[in-house]
Amino acid sequence: MTALQNQSAYQVNERGYYGQFGGAYIPEMLYPNVEELRDNYLKIIAQSNFQEEFQGLLRDYVGRPTPLYLAQRLSEKYNTTIYLKREDLCHTGAHKINNTIGQILLAKRLGKQKIVAETGAGQHGVATATVCALMGMECIVYMGEIDIQRQAPNVARMKMLGAEVRPANSGSKTLKDATNEAMRHWINNPTDTHYIIGSVVGPHPYPDMVARFQSVISEEIKKQLLEKTGSELPDYVIACVGGGSNAAGAFYHFLDDESVKLVAAEAGGHGITSGLSAATTFLGKIGVLHGSKSILMQTEDGQVVEPHSISAGLDYPGIGPMHAHLHDSHRALFYAITDDESIASAMELSKLEGIIPALESAHALAVLPYLKATPNETVVINLSGRGDKDLATYMKYL
Amino acid sequence: MNRIVSLFQHHPSHNLNVYFTAGFPKLEDTRRILKSLQDAGADLVEIGMPYSDPVADGETIQISNQQALENGMSVKKLFDQLRNMRDEIKLPVLLMGYINPVLQFGVENFCQQCAEVGVDGLILPDMPVDEYLETYKPIFDQYGILNIFLITPQTSDKRIRQIDENSAGFIYMVSSASVTGSQTGVTHDMEAYFARVNAMNLRNPRLIGFGIKDHETFVTACQHAAGAIIGSAFIRVVQQNENLEEAITTYVSSVKQGL
């Protein structure tokens, strides 16, 4: 975790690119902030007092390592061997907190006093508000006005944790616009504020930094699989992808193990030809959004289009540059999972295993019928979050 | 010679650069506003290419971008509107926007169209300096299009030097750490920053932008640079007035009164 001299073709290079994707496409107003981060993040992450504090909090506060659970009834159903990586058991209910803990420790070491963040469904907002409460730092979270209405319980959680939730009223009033507003806030407050981005998106070094903080997921999977099966390598790792932070974490330590098939589940919405979809790799083309060059859903004129997904966490018109590269290089296989398929998978997991998954994670589960894995193959699914926040949606299908 | 370079050679101070959004308030207002600005006494103009996600812009310009897109504005439409503008427009004309629509149009195709219609320079705030130098500069140079860079109070001297060495025309000096449309006016902190930059003896003249809105702020800015840029305040003028020509004449005269 020390140097940026990654030999891997799938890791970021010293210019901040994964293949042709990445970079730092930011207005000059953000340049000093991003440069400060770029010049310091690897050094700080490598410091022993950082690692001690980070690992200590992951263990005692987040509850890591999270279990790797052999889902026997689900395995029987699909006639293969399925393990669930239980990120849903993290404090605050999803993997998001791995990143917010890492970033707030980094922000403190950079001398920042305030935190700004964006959120869609509110999971990253809650994870950010949580660590700000823990560290006694001021927290402002931008959230699309429409999402504020749709996700009232998470808004209440953030407020209870002491964060200020500011509505993003511009554009479509959802995650994309909340991100724009958080970036504008950072432009207006360049010296005392750190921006905690919630996914592997944004200008370099954010995608790499967030992936490193989430990489604890695949680090643990390797150790746990070795204990359970005698081999640290599964045949498949499956994760859902919106921006792609849980997938980045689940794939990270397997990127160079080419025998491990990496599978990404995007939000197909009503279907990729329906006009109501968020399947970026199927519908997007190369472009620049939120500071990096990646694959982007856009009009012919280069205007960003509004995605649709039943899952607010996957409702994003872009994808992290690392994933764009994994797609481009065929290192990962992408599926577009419809709203209906994700609901069916959520119901199935609940009944077969007694685990109610987040709608996002249900997209990863919904790849199983397509996978055709054999009984002696090992499949790891990253169960990125729990479904409590989605009950209002699930209730419509009961 | 490029019209921007020529302007600063012949007219080194008190240059008023006005920004407006193409296709706003109405789709076909672009040329009308451009001509009115020339007639009213602007020294150069920046035509904004609307974008769905203008992160460097405050609310006023965001709303104008959104309205222009709803009106049907696009890069292609803008070039159609600007065709033959050089029959009547003598001012230097810049296009300002975000990089994604330019990438989708194709950088070479874009520069070629700029040259054809008589655009002199581009301001693309989210185009990284390094990417420009490595990839796009030869294309800009081939078509004689100047790329205008921004500097801010947080930009290091080293980076200002790098930008100065690779610039022509002028440098866009952002007055404060903010998005467009800030209401701070010109503060003591800003004056220290302007003085620091002036003491560097840069090759290129500077125009000060962000927070310039009226005669007073314009005159103050002109004490520290070759002129200033007005954006959000002008958008409000065209937004609020039915008679565009009259409103633009009144506004520009008030800003430049006695100059």
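Nothing in this text is a laboratory measurement; each read-out follows from the coordinates by a stated rule. Predicted model, so just to flag it, every value in this text is computed and none were measured. Here the Cβ positions follow ideal geometry from the backbone for every residue, glycine too, while neighbour counts run over all protein chains shown.
If each residue's Cβ is checked for other Cβ atoms within 10 Å, how do A:Leu391, A:Leu68 rank with the fewest at the top? Numbers along the way, then the final one.
Numbers: A:Leu391 11, A:Leu68 20.
In order of increasing Cβ crowding within 10 Å: A:Leu391, A:Leu68.
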Checklist entry - Considering the alpha-carbon set of region B:14-256 alone, what are its Rg and its Dmax in angstrom? => result 16.8, 47
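Mean residue ellipticity at 222 nm from the helices of chain B, using -39,500 (n - 2.57) per DSSP H segment of n ≥ 4 over the full residue count, to the nearest 500 deg cm²/dmol? Kindly include the intermediate steps, with their values, before the conclusion.
Details: 12 runs with 114 residues, N = 259.
Rounded to the nearest 500, it is -12500 deg cm²/dmol.
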Checklist entry - Which value in nm describes the separation of the simple spin-label points at A:Ala152 and A:Lys396, placed 7 Å from the Cα toward the beta carbon? => result 1.6
Checklist entry - Setting aside same-chain residues fewer than 8 positions from A:Lys223, which lysines have a Cα under 24 Å from its Cα? => result A:Lys85, A:Lys96, A:Lys261
Checklist entry - Check B:Asn147: other-chain or 5+ apart residues with amide H under 5 Å from its amide H, H built from backbone geometry? => result B:Leu122, B:Ala168
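Applying 1/(1 + (r/R0)^6) with R0 = 35 Å to the Cβ-Cβ distance of A:Glu227 and A:Leu352, what FRET efficiency is obtained, to the nearest 0.05? Don't skip to the answer; put the middle values down first.
Working: r = 24 Å, r/R0 = 0.69.
Computed FRET efficiency for A:Glu227 and A:Leu352: 0.90.
Within a Cβ distance under 11 Å of A:Leu89, other residues only, what is the Lys/Arg minus Asp/Glu net charge?
Values: positive: A:Arg64, A:Lys85, A:Arg86, A:Arg386; negative: A:Glu87, A:Asp88.
Neighbourhood net charge equals +2.
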Checklist entry - What Cys residues in chain A are without a partner cysteine, judged by a Cβ distance under 4.7 Å? => result A:Cys90, A:Cys240
Item to check | Rg(Cα) / (2.2 N^0.38 Å) computed for region A:224-360, rounded to two decimals | outcome: 1.10
Checklist outcome for this item: Taking B:Asp120, A:Asp192, A:Asp301 and counting other beta carbon atoms within 10 angstrom, the fewest-first order is A:Asp192, A:Asp301, B:Asp120
Checklist entry - Which of the aspartates and glutamates could a cross-linker span from A:Lys108 if the Cα-Cα distance has to be under 16 Å and same-chain partners fewer than 8 positions apart are dropped? => result A:Glu36, A:Asp39, A:Glu52, A:Glu53, A:Glu138, A:Asp192
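If neighbour count is taken as other Cβ atoms inside 10 Å, put B:His224, A:His290, A:His270, A:His323 in order from fewest to most. Please list the in-between numbers first.
Working: B:His224 19, A:His290 28, A:His270 15, A:His323 35.
With the fewest neighbours first, B:His224, A:His290, A:His270, A:His323 line up as A:His270, B:His224, A:His290, A:His323.
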Checklist outcome for this item: If each K or R counts +1 and each D or E counts -1, the residues other than A:Asn246 whose Cβ falls under 11 Å of its Cβ total -1
Checklist outcome for this item: the protein assembly as shown: antiparallel bridges as % of DSSP beta bridges, rounded to 5, reads 20
Next on the checklist: Treating only the Cα positions of the protein assembly as shown as identical point scatterers, give the base-10 log of I(q)/I(0) from the Debye formula at each q in 0.07, 0.11 Å⁻¹.
Outcome noted: -0.46, -1.05
Checklist entry - How many angstrom lie between the C-alpha centres of region B:178-234 and region A:197-239? => result 48
Checklist outcome for this item: region B:1-55 and region A:51-92 have their Cα centres apart by a whole-number Å value of 57
Item to check | Cα-based convex hull, region A:296-398, per residue volume (Å³, whole number) | outcome: 129
Checklist outcome for this item: Check: C-alpha center region A:123-143 vs C-alpha center region A:297-326, spacing in Å is 25
Checklist entry - For chain A, the longest stretch holding no trypsin sites (Lys or Arg not before Pro) located in a DSSP loop with at most 16 other Cβ atoms within 10 Å is which? => result A:16-371
Next on the checklist: Given the DSSP H assignment, sum -39500 (n - 2.57) over each helix run of at least 4 residues in chain A and divide by its residue total; what's the result at 222 nm in deg cm²/dmol, nearest 500?
Outcome noted: -11500 deg cm²/dmol
Item to check | 10 Å binning of all Cα-Cα separations within region A:43-151, expressed as whole percents from 0 upward | outcome: 14, 35, 29, 16, 6, 0
